[in-house]
Structures are given as C-alpha cells and as structure tokens.
Amino acid sequence: MDRLDEQLKIALARDEPPLGFADRVIAASQPRRPTLPYRALAAGLVLFLAGGAAAWRHHQGEAAKAQVLAAVRITAGKLHHIQSRVREVTR
C-alpha cells in the first residue's frame, strides 16, 4: 500500500499555476463586448429594410404603370373600332 500512497501523494501534490493564469481566467470570465455596436447594427438593419421597401414600392409602381398602359391600349383599340363602325353607318 505504500507504493499506492506514494503515487497518490505525487499525483495530488500542489503545483503552482503557470505565470499569468489568474489574469487569463479573469479575462475569460469578463463579458465580451460585441465587435459591432448595437446602434450600428440597428442602423444597418433600418437602412436595409428601407431599401427593400423602396424597391418594393418601385416594383409595385412599375406593375401599376404596365396595367394602365395595357388598359389605354385596349381602350384605344375599342375606340378605334367604334369610330370605324360609326363612319361606316354614317356613309
């Protein structure tokens, strides 16, 4: 049993921590600040959303414009047809 006791004594002997160990433990326990401040992140998100909204409004405007032009073309065609029929009848 003496050999086992000796091995345990060596294994459980107190060792001094390496130089700077306490500083590293304290630094690791400190809360880390984000690399990018929250305000900058929020500002970027607002700009991104505003750009997306502007792009969506532009897309909607272009779609509405296309619909109006199609309606004008259809109306012009119908009016031309009616005008032709009126001229035929009045001759």
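Each reported figure results from applying straightforward, stated rules to the coordinates on display, with no laboratory input. Source: prediction; values computed, not measured. Note that we place each Cβ from the backbone using ideal geometry, even for glycine, and neighbour counts take in every protein chain shown.
With r as the distance between the Cβ atoms of D23 and H59 and R0 = 35 Å, compute the FRET efficiency 1/(1 + (r/R0)^6) and round to 0.05.
Working: r = 57 Å, r/R0 = 1.62.
It comes out at approximately 0.05.
Along the charge dipole of region 2-90, which of G20, S84, A64 sits closest to the positive end, that is, farthest toward it, with unit charges on the beta carbon of Lys, Arg, Asp and Glu (+1, +1, -1, -1)?
S84
Multiply the residue separation of L36 and K78 by 0.36 nm, subtract the distance between their alpha-carbon atoms, and state the gained length in nm to one decimal.
9.0 nm
Just how large is the dipole of the chain about the Cα centre, in debye to the nearest 20, putting +1 at every Lys and Arg Cβ and -1 at every Asp and Glu Cβ?
Magnitude of the dipole: close to 1460 debye.
Quick test of the membrane-span-like rule: which DSSP H helices of the chain reach at least 15 Å along their long axis (C-alpha atoms) with mean Kyte hydropathy at least 0.0?
38-90
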